[in-house]
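Trainee: Here you go, one structure.
Nothing in this text is a laboratory measurement; each read-out follows from the coordinates by a stated rule. Since the structure is predicted, the reported quantities are computational estimates derived from the model, not experimental observations. We place every Cβ from the backbone using ideal geometry, glycine too, and count neighbours over all the protein chains shown.
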Amino acid sequence: MDIQAYITSGKLELYLLGELSELERAEVVSMADKFPEIQKELDELEDAIFAIDELTGKTPSLAIKTKIFDSLNLELIEEKTIKPGMAPVEGKVVPISPWKSFAVAASIVAVLASAAAIFYASKFYEKEQQFTALLQEQSVMAGNLNQVKLDFEQNENQLDKLLTGDFRLVKLKGESLNMQKDASVNLFWDQSAKEVFIAVNNLNELSEEFDYQLWAIGDEGPIGIGLVNEGMKMTLQQMQAVAQAGTFAITIEPKGGSEAPTLDKLVVIGNVA
Amino acid sequence: MEEQELIAGLRAKSRKSTEYLYEKYSRALFGVVSRIIFDKDIAEEVFHDSFVKIIQKIESYDESKGRLYTWMANICRNSAIDKTRSKEISQSNKTNTIDDFVYGFESNSDTLDQVNAIGVKELMNDLNEDQHFIIDHIYFKGYTHSEISEEFGIPLGTVKSRVRAAIQVLKKNIDSI
C-alpha cells in the first residue's frame, strides 16, 4: 500500500467535503485507523478547512441566533451543571464545617506521609546493607590485588636479577646417591653478587618433622644457606648469600635445619663447573 | 471545552453546550452556506435549518467516523446544495464565483465589518487557473466533484487531484495568514 499515493489521491479531501459513498467513507476511516500518516494528514486538512471556513465565513446576525434558539427551545434542557470550559462539579453539596474537611485532609496527608516514610526508610536500609557488602567486597579485592602486586614485583625483581646478574647454573642431582634417584634441583649462583636461587624440579614430599636444607660446601666446610620448600616446584627461591663454594648439596634435616649436614641423608649434589 | 465533553453535553440536550457550539462554529458554518447561497435571506434560512438539524440529529453523529466540525459542515453544505437545486433559487446563483463573493460583500457595507475581505483575497492567492476553477465550483457554486467531471468533461481522477492541489494551496495560504 502506497500511503503517500493514497494521501495525494484527493480522496481525503472528498471525504471531508462529504462527497464519498458510505463504503468509501468507511474505507477512509479504516485507513486512517491503520496508518498514522493518513490520520495526521486528515487532522491537518480538517484544521485547515475549518480555518478556511472561519476566514471566509461571516457571523450570522443576532436575529438568526435568536430564531435558532427559539426553534430549539422546547428540546434544550436548562441546567447549570455544565458550563463551557468548566467541569461539571457543581451540584448540591452538603455543607460541613471547614475544620472537619481540614482534619480529614490532614489525616489523609499524615497517613500518606507515614507510608512514604516507612517505604523510604526500608529502601534506605536495604541500600545501606548493599553498600556495606560492596565495601567489604571491595576491600577483599584490594587485598588480593595488593598480594598479586607484591608477587609480581618479587617475580620481576628475580627476573631482573637473573637477566642482569652473572649467574651460573649448577645442576643438583640425586642419581649418584641412594636417597632419591630422580631428585633434581637447579641452582643459580652469582658469585660476585653472592646471590643464590634454586628451582626445585623434583623432590619428594617430606613429612612434617623434616626439612630439606641447602649447603654450600667450600673451603670452610659445609655452610647451611637455607631451607628448601619442596612444594614450590619450578619457582625461584632465594637462598642465603654465599661467596665461595665448590659444591652445593641438599640434605634432609630435622625440622628447622641443622648446624651440620646429616651426610647419610644427602639427597642431591652438584659441583660448580 | 474538550470536544468529547461538548458532544456529551449536546447529547444531553444541554443549552449551555448548544450555545457554546453556536459561538464556536456558527461563523464557519454560516460561511459554508453563504458561500454557496448568495441570497442573504435564503442563506440564513438554510443555516437555521441546518443548525437545528445538527442539534436534533446529534445522536446519529459517530465520533469514530470523523470530527464533529466535518460532520456539521457536511450537513450545512449538503443543505445548501439541495437548496440551489430547488426551484426557490434562481439559476443566477449558480454563477456565484470567488470574485462575486469577495466583491459582493466589499460593496455591501452592511456585511463588510463581518467579513475579512482582505483575508479571503489573500487566501485565494496563487491558485492557478485549474485550481481557481475547482474552488469556484466546489466552494462557491456547490458542485460535487462528479458533477464537475460530467459537466465539463474532466476525468474524475483529474478532478480529484485538482481538488487536492487547490485545497493544498488554500491550506498553505491559511497557515501564513
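Trainee: For peptide A:14-22, how many partner chain Cβ atoms fall within 10 Å of a residue's Cβ, on average?
Mentor: Values: counts 8, 4, 7, 11, 11, 11, 1, 0, 1.
Across the residues of A:14-22, the mean count of other-chain Cβ atoms within 10 Å is 6.
Trainee: In which sequence would B:Met1, B:Met124 go, from the one with the fewest C-beta neighbours within 10 Å to the one with the most?
Mentor: On the way: B:Met1 19, B:Met124 22.
With the fewest neighbours first, B:Met1, B:Met124 line up as B:Met1, B:Met124.
Trainee: Calculated FRET efficiency, A:Glu259 and A:Leu177, Cβ-Cβ r, R0 30 Å, to nearest 0.05? Walk me through the intermediate numbers first.
Mentor: Values: r = 22 Å, r/R0 = 0.72.
Efficiency at R0 = 30 Å is approximately 0.90.
Trainee: When the helix-only estimate is applied to chain A (DSSP H runs of n ≥ 4, each -39,500 (n - 2.57), divided by the residue count), what is the mean residue ellipticity at 222 nm, nearest 500 deg cm²/dmol? Show your work: numbers first, answer last.
Mentor: Working: 6 runs with 124 residues, N = 273.
Computed ellipticity for chain A at 222 nm equals -15500 deg cm²/dmol.
Trainee: Right, another one. Cα centroid distance between the stretch B:2-43 and the stretch A:232-261, in Å?
Mentor: The stretch B:2-43 and the stretch A:232-261 have Cα centres spaced 112 Å from each other.
Trainee: Given points 7 Å out from each Cα along the Cα-Cβ axis, report the A:Gln136 to A:Val109 separation in nanometres with one decimal.
Mentor: Between A:Gln136 and A:Val109, the label points sit 4.3 nm apart.
Trainee: Take peptide B:160-167, look around each residue's Cβ out to 10 angstrom, count Cβ atoms belonging to other protein chains, and average those counts.
Mentor: Numbers: counts 7, 4, 1, 7, 9, 3, 2, 9.
Rounded to a whole number, the mean comes out at 5.
Trainee: Sticking with this one: Below 8 Å, C-alpha to C-alpha, sequence gap of six or more: please give me the relative contact order for the stretch A:137-262 in percent.
Mentor: This gives 21 percent for the stretch A:137-262.
Trainee: Separate question: Output wanted: per-residue J couplings in Hz (rounded whole) for the stretch A:49-66, from phi through Karplus 6.51 cos²θ - 1.76 cosθ + 1.60, θ = phi - 60°, x for Gly and Pro.
Mentor: 5, 4, 5, 5, 5, 5, 5, 7, x, 9, 5, x, 5, 4, 4, 5, 4, 4
Trainee: Run the numbers for A:Glu44 and A:Phe152: contour at 0.36 nm per residue of separation, minus the present Cα-Cα distance, in nm.
Mentor: Numbers: separation 108, 0.36 × 108 = 38.88 nm, distance 7.25 nm.
Stretched fully, the A:Glu44-A:Phe152 segment lengthens by 31.6 nm.
Trainee: What is the magnitude of the charge dipole of the protein assembly as shown about its Cα centre, with +1 placed on the Cβ of each Lys and Arg, -1 on the Cβ of each Asp and Glu, and no other charges, expressed in debye to the nearest 20? Provide the component values of the computation, followed by the final result.
Mentor: Values: 47 positive and 71 negative charges, 243 e Å.
For this selection, approximately 1160 debye.
Trainee: Tell me which of A:Gln244, A:Phe167, A:Ser9 sits at the most positive position along the dipole axis of chain A, charges placed on C-beta atoms (Lys, Arg +1; Asp, Glu -1).
Mentor: A:Gln244
Trainee: At 7 Å along Cα-to-Cβ for each site, give me the label-to-label distance between A:Ala241 and B:Lys65 in nm.
Mentor: Between A:Ala241 and B:Lys65, the simple spin-label model gives 10.8 nm.
Trainee: Moving on to the next point. Please compute the contact order of chain A in relative form: average sequence separation of alpha-carbon pairs under 8 Å and at least six residues apart, divided by the residue count, as a percent.
Mentor: Numbers: 308 pairs, mean separation 31.8, N = 273.
In percent, rounded to a whole number, it is 12.
Trainee: On to the next question. Go through A:144-154, B:127-137, B:35-45 and give me the packing order, highest mean Cβ count within 10 Å leading.
Mentor: Numbers: A:144-154: 10.2, B:127-137: 18.0, B:35-45: 19.6.
Ranked from most to least packed, the peptides come out as B:35-45, B:127-137, A:144-154.
Trainee: In the stretch B:6-87, if the dipole is taken from +1 on Lys/Arg beta carbons and -1 on Asp/Glu beta carbons about the Cα centre, which of B:Ile58, B:Ser86, B:Ser26 is farthest to the positive end?
Mentor: B:Ile58
Trainee: Label point 7 Å out from A:Leu23 along Cα-to-Cβ: which residues of the stretch B:139-167 have amide N under 12 Å?
Mentor: Within reach of a label on A:Leu23: no residues.
Trainee: While we're on this one: For the ranges A:106-115, A:39-48, B:57-66, A:227-236, what's the packing order if you count other beta-carbon atoms within 10 Å of each residue, average per peptide, and put the highest first? Don't skip to the end; give the middle numbers.
Mentor: Numbers: A:106-115: 10.1, A:39-48: 16.5, B:57-66: 12.3, A:227-236: 14.5.
Packing order, densest peptide first, comes out as A:39-48, A:227-236, B:57-66, A:106-115.
Trainee: Per residue of B:17-25, count partner chain C-beta atoms within 10 Å of its C-beta, then hand back the mean as an integer.
Mentor: Values: counts 6, 6, 4, 4, 1, 5, 2, 2, 4.
Average neighbour count from other chains, rounded to a whole number: 4.
Trainee: In whole Å, what are the extents of the protein assembly as shown along the principal axes defined by its C-alpha atoms, from largest to smallest?
Mentor: 145, 73, 39
Trainee: If you place +1 on the Cβ of every Lys and Arg and -1 on the Cβ of every Asp and Glu, how big does the dipole about the Cα centre of the stretch A:173-273 come out, in debye to the nearest 20? Please report the intermediate quantities before stating the final value.
Mentor: On the way: 6 positive and 14 negative charges, 49 e Å.
It comes to approximately 240 debye.
Trainee: A further question follows. Give the separation of the Cα centroids, the stretch B:122-166 to the stretch A:1-56, in Å.
Mentor: 17 Å
Trainee: Still on this structure, I have one more. Roughly how many whole Å is it from the C-alpha centroid of the stretch A:142-203 to that of the stretch B:50-75?
Mentor: The two parts, judged by their Cα centres, are 100 Å apart.
Trainee: Residue-wise, which Karplus ³J(HN,Hα) couplings in Hz belong to the stretch A:224-236, taking 6.51 cos²θ - 1.76 cosθ + 1.60, θ = phi - 60°, and x for glycine or proline?
Mentor: Each residue's phi maps through the Karplus curve to give x, 10, x, 8, 9, 8, 6, x, 7, 7, 6, 10, 6 Hz.
Trainee: Which value in nm describes the separation of the simple spin-label points at A:Glu78 and B:Leu156, placed 7 Å from the Cα toward the beta carbon?
Mentor: Going by the 7 Å Cα→Cβ label model, 5.3 nm.
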